[in-house]
Amino acid sequence: MIKKITMMLALVALMAAPAFASVQNVKVSGALSTTSVIRKSFDLGAGAGAETAQNLVATTTSVGVAADLTDNVSTTIKLTNEGAWGLQNVAGNSDNNSFYLDAAYVTMKELLYSPLTVTIGRQTLAYGNQFLVGYNAANKNYYTGVATDLAGNGNFDAVKAVLSYDPLTVDLFASKINENSTLGTNDNNDTDLYGINLNYKLDKFSTVVEAYTFVKHDKSAITYPDTKTSNLYVPGLRVSTNPIEGLNVQLEGAYETGTAGITGSLTNKIKAFGAQGKVNYALPVLKDVKPVLSAGYTYLSGDKDLTDSNTRSFDSVYENQNVGRIYDSLFGSSNLSVAEAAFEVTPVQDLTTKLTWYNVNKAQKAAVTSINQPTGGTQAVAANGEKGLGNEVDLDLTYAYTEDVKFGVSAGYFAPGNAFAAVNKDSATQLLSSVSVAF
């Protein structure tokens, strides 16, 4: 497959050779965001040298250049630096001084024929609500070892072809997630992601139907030739509709099949399932404060029987949801059952307030042995095999000072549930405050 992609890239480059021409238009853009992070008890009271509190400030700086060339050719380059204040000159944190490649791609419209657009390079891949594809953690570079769950960069090194047949749009892509080639050893141990996404728009109720299949080949952990490759196949469907004014309803489901990498003649079949439903309703009252009610439910399957060779834990692949939520930082995106409800209003012009509640449970009663830590790694915890992971409440305030400047505050409180023993019942809290500028 990789050889085919290489040949296709060479063919595209050959066809695009005459497209090099004078620059018609150049746009310089940038963004600057400074965030204060205050966190406590993200170990839920585990103690014994664990990370229990954080109090830091970090800045993310991005500079981008986009150029329109002749013959429907455009290019985009974006460089980003992410670093915590005071860490730039500390040993082991040299990345805090560096700009890294956030985006670098060329887009060719009407290539070969008018409906086809091809994009090559480091780019965004985001589909639907980003339930499965939206963020590539392999490319993140947030201030190292401090708050990796808040990483801002997550683009994909990919080639993407988009066919526009209004009202149908077809996306096909191939992405290299990890390149693990080393001279003198097996070079067939990479991680690759492929996908096809069909988006069809219906006039009735402004309905959108998306059907997709994503494929992840993970050969990074194999001991060639004894260990089988992990092959994950994920077909899915998403529907979004607006049956009445102000009401949006979305449903999505995905089934995972394939084989997990395992040594020898054993088989480790993947049989997992994930589903999500969302409802948003802009209330037809008090329109001066724009009240919005929303609710949602997410189910990500887990292993019920840990003794068999099959894998039923849902693989979130490269999802991009609930960033900045405490439960997402602690538990990740597998073996979860999450119900949520929110109320949003705009009490004064340019100020949006939102209160959200999450009820978080395990999908299966597999014992919790560790939780993720925002500094990286995991923290061992004491659990009793119950499903209740806890409840979280978040208050988000966003103020648009101007079109270019925004202030934000997010306060979160997580209370552990009955899945944890008494020694791990400390509530986790966080306060994120930010000011961002874009131009």
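The values are calculated or read from the model by the stated rules, or taken from the named source; none is laboratory data. Note that the coordinates shown come from a computational prediction; the quantities given were computed from them, not determined experimentally. Ideal geometry is used to build each Cβ from the backbone, glycine not excepted, and the neighbour counts take in all protein chains shown.
Structure summary
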item: One residue from A380, A400 being of a type in the set (A, V, I, L, M, F, W, C) and over 30 Å from S33 (Cβ atoms); result: A380
item: Residues satisfying the stated conditions in segment 54-89, i.e. surrounded by 16 or more Cβ atoms within 10 Å (Cβ to Cβ) and touching a helix residue (DSSP H, G or I) at 6+ places or on another chain (Cβ under 6 Å); result: V73, G83, L87
item: Strands (runs of 3 or more DSSP E) completely within segment 368-439 that count 2 or more residues being within 23 Å of K40 (Cβ to Cβ) and free of Cβ contacts under 8 Å to residues at least 40 places away in the same chain; result: 388-400, 405-416
item: Residue satisfying all of: in segment 342-386; buried (at least 18 other Cβ atoms within 10 Å of the Cβ) and of a type in the set (D, E, K, R); farthest from Y297 (Cα to Cα) among these; result: E344
item: Where a residue in segment 192-209 is more than 17 Å from S164 (Cα to Cα) and at pLDDT 95 or above and its partner, wherever it lies, is assigned to a strand (DSSP E or B) and of a type in the set (F, W, Y), with Cβ under 9 Å and at least six apart; result: L193/F156; L193/F173; L193/F214; L193/Y318; Y194/F173; Y194/F214; T207/Y200
item: Single residue of segment 403-417 satisfying the filter (among the small types (G, A, S) and within 14 Å of T35 (Cα to Cα)) that is surrounded by the fewest Cβ atoms within 10 Å (Cβ to Cβ); result: A411
item: One residue from K406, K354 being within 23 Å of K278 (Cβ to Cβ) and basic (K, R); result: K354
item: Pick from segment 217-236, criterion modelled with pLDDT of 95 or more and in contact with a Leu (Cβ under 9 Å, 6 or more places away or on another chain), ranking: nearest to L251 (Cα to Cα); result: G236
item: Those residues of segment 148-175 which are under 19 Å from the mean Cα position of the chain (by Cα), within 30 Å of Y113 (Cα to Cα) and at pLDDT below 95, in sequence order; result: N155
item: Unique residue being farther than 22 Å from G324 by Cβ and not basic (K, R) when the list is G385, G417; result: G385
item: All positions within segment 389-418 that are in contact with a Lys or Arg (Cβ under 6 Å, 6 or more places away or on another chain) and small (G, A, S); result: A400
item: Residue, nearest to L336 (Cα to Cα), within segment 408-427, restricted to residues that are hydrophobic (A, V, I, L, M, F, W, C) and at pLDDT below 95; result: A419
item: Enumeration of residues in segment 76-93 that are modelled with pLDDT of 85 or more and of a type in the set (A, V, I, L, M, F, W, C); result: I77, L79, A84, W85
item: Output for segment 95-138, where each listed residue is over 24 Å from P374 (Cβ atoms), touching an Asp or Glu at 6+ places or on another chain (Cβ under 6 Å) and either at pLDDT below 90 or in a loop (DSSP other than H, G, I, E, B) (or both); result: G128
item: Breaking point among (1) under 30 Å from V249 (Cβ atoms); (2) within 20 Å of the chain's Cα centre (by Cα); (3) at pLDDT below 95, for Y212; result: (3)
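To keep it simple, each residue is scored yes or no on (1) among the polar types (S, T, N, Q); (2) in a loop (DSSP other than H, G, I, E, B); (3) at pLDDT 90 or above.
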position: N248; (1), (2), (3): yes, no, yes
position: A275; (1), (2), (3): no, no, yes
position: Y281; (1), (2), (3): no, no, yes
position: V285; (1), (2), (3): no, yes, yes
position: S309; (1), (2), (3): yes, yes, no
position: F314; (1), (2), (3): no, yes, yes
